[in-house]
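Here the structure is laid out as structure tokens; the discussion comes afterwards.
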Amino acid sequence: MISKQRSIYPLVTFRILFGGLMFFSSIRFWMQGWIEKLYIQPTFFFKYYGFEWVDMCPQAFVKPLFFIMILAALFVAIGLLYRGALVVFLCIFTYFELVDATNYLNHHYLVVLLGFLLLLTPANRAFSLDVWRGAVKPKTTIPQLFIWMIMLQIGIVYTCAGIAKLNSDWVLHALPLRIWLPEHQDLPIIGGLFKHAEIAYFFSWVGAFYDCTVFYFLCWKKSRPYAYITVVVFHLMTYILFNIGIFPWLMITSNLIFFSDQFHQRLYKVLSNVNQQSFVVSHKKIFSSFLGLYFLIQIILPLRHMVYAGSTYVTEIGYRFGWRVMLVEKSGIVTFILKDKTTKRFMEIANREYLTPFQEKQMAIQPDFMLQFARHIAHKNKDLVSNPQVYVNSFITINGRTSKRYINPNVDLLAENDDWGNKPFIIARDLK
């Protein structure tokens, strides 16, 4: 069944739109000044657990690497040196995602996953410069597995995002939309509606229903056109109302892969008339087993928070890589105290002297970042404090609730480890 041949053109459309979107969004990232803000201005970078070894490159290399990444994305779109260009793009993109964990976004993670799956496919075997220059033989059909795996990845994103919305704050209290929507009352025509709590409830329920079901409506031929209209409307609305980067455009373009072979062939009428040539997968069992393991991991990762104590929205444990999109309004205030265990002298740390405002905001709500920052300030002040201890006064507020103490102020953070455990130094563990 998975070896059944389908037209290559849905995959070609996906390649062109994915590469094109990465090309233009990377240029936009540069033009907005975010390279300087996120990668050049900081003097300290937070790490993902297990990737502490990924160091920031010299500043002189940052923009040249971005330029190479932009060029590689263009090559992917036009199908020139396809696999090599995609490897270069993914390596540089992933590198910049790993060098500072404060920059984590769900859609950046999705870009890496979709790019990786695209790398496994022969998406340059039609409508590409690789075919035009004779580097690869043109094909009109491929095993449908190549298309299914991208569809399944999109389905996991939607379904997990929908399940994550089925919590009391989102469903029963319309939070955080009840906080966010009134900020857009100045929008023409519809802005006046956002002051009403009923609209926040409507958006919350519709959003949860959409995420939980749209994948299945896209899979069904009869409902697919209407489902795609909701995809466009839903994601355009989120783009207008919320600052969520390229995610709406990534989903709008990627979801075209659900449409029939005939739909995509009409986009490439001239090329679809070539002689029928099929692409055959070698080592089918190995490839299928690898994909099975890949998707098992993709299902486990969003569910791993269930093995930890407390709410992941509070503790942040198991929050990343779980497709929890726009679910909480969370902020924190954190003050670090550096003590000398021998002399008993102490000093209060001015966070802004070590971090950018964006990094400080992210660090204040994520306990693993606090541990990393504690070690950083101890290291930076080693000439002043010979036997350091670091304590923290930390308070958070979630979805407009009264602030509460977050981290145990009596725990020396230098004595704690950042690992896969429950992080016992966290006091606040639920939304109450």
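General observations
- Between Pro122, Pro64, the distinction of being part of a helix (DSSP H, G or I) and either modelled with pLDDT of 95 or more or open to solvent by less than 40 Å² (accessible area, probe 1.4 Å) (or both) belongs to Pro64 only.
- With respect to the stated conditions, Ile189 fails to be closer than 25 Å to Leu250 by Cα, open to solvent by 50 Å² or more (accessible area, probe 1.4 Å) and of a type in the set (Val, Ile, Thr).
- Here Asp419 clears all of (1) crowded, with 16+ Cβ neighbours inside 10 Å; (2) within 18 Å of Glu316 (Cβ to Cβ); (3) acidic (Asp, Glu) except the condition numbered (1).
- Boolean, Ile150 is in a helix (DSSP H, G or I), touching a residue at least 12 places away in the same chain (Cβ under 8 Å) and open to solvent by 10 Å² or more (accessible area, probe 1.4 Å): no
- Region 317-426 holds strands (runs of 3 or more DSSP E) entirely within its bounds, and those carrying 2 or more residues that are under 25 Å from Arg178 (Cα atoms) map to 330-340, 388-398.
- Scanning region 93-119 for residues that are aliphatic (A, V, I, L, M), part of a helix (DSSP H, G or I), over 19 Å from Ile150 (Cα atoms) and open to solvent by less than 20 Å² (accessible area, probe 1.4 Å) yields a single hit, Ala101.
- Residues of region 377-403 that are loosely packed, with under 15 Cβ neighbours inside 10 Å and at negative phi: His379, Lys382, Asp383, Leu384, Ser386, Asn387, Asn393, Arg401, Thr402, Ser403.
- The residues of region 346-403 that are aromatic (Phe, Trp, Tyr) and over 21 Å from Tyr48 (Cβ atoms), listed by number, are Phe346, Tyr391, Phe395.
- Out of Val136, Val87, sole residue that is surrounded by fewer than 21 Cβ atoms within 10 Å (Cβ to Cβ), in contact with a Lys or Arg (Cβ under 9 Å, 6 or more places away or on another chain) and not charged (D, E, K, R): Val136
- Residues in region 38-59 that are closer than 16 Å to Lys380 by Cβ and either under 18 Å from the mean Cα position of the chain (by Cα) or not in a loop (DSSP other than H, G, I, E, B) (or both): Phe46 alone.
The values are calculated or read from the model by the stated rules, or taken from the named source; none is laboratory data. Treat the numbers as computed from the prediction; the structure is a model and nothing was measured. We place every Cβ from the backbone using ideal geometry, glycine too, and count neighbours over all the protein chains shown. Note: areas computed on protein heavy atoms with side chains; ligands, DNA, RNA excluded. Shrake-Rupley method; radii C 1.70, N 1.55, O 1.52, S 1.80 Å.
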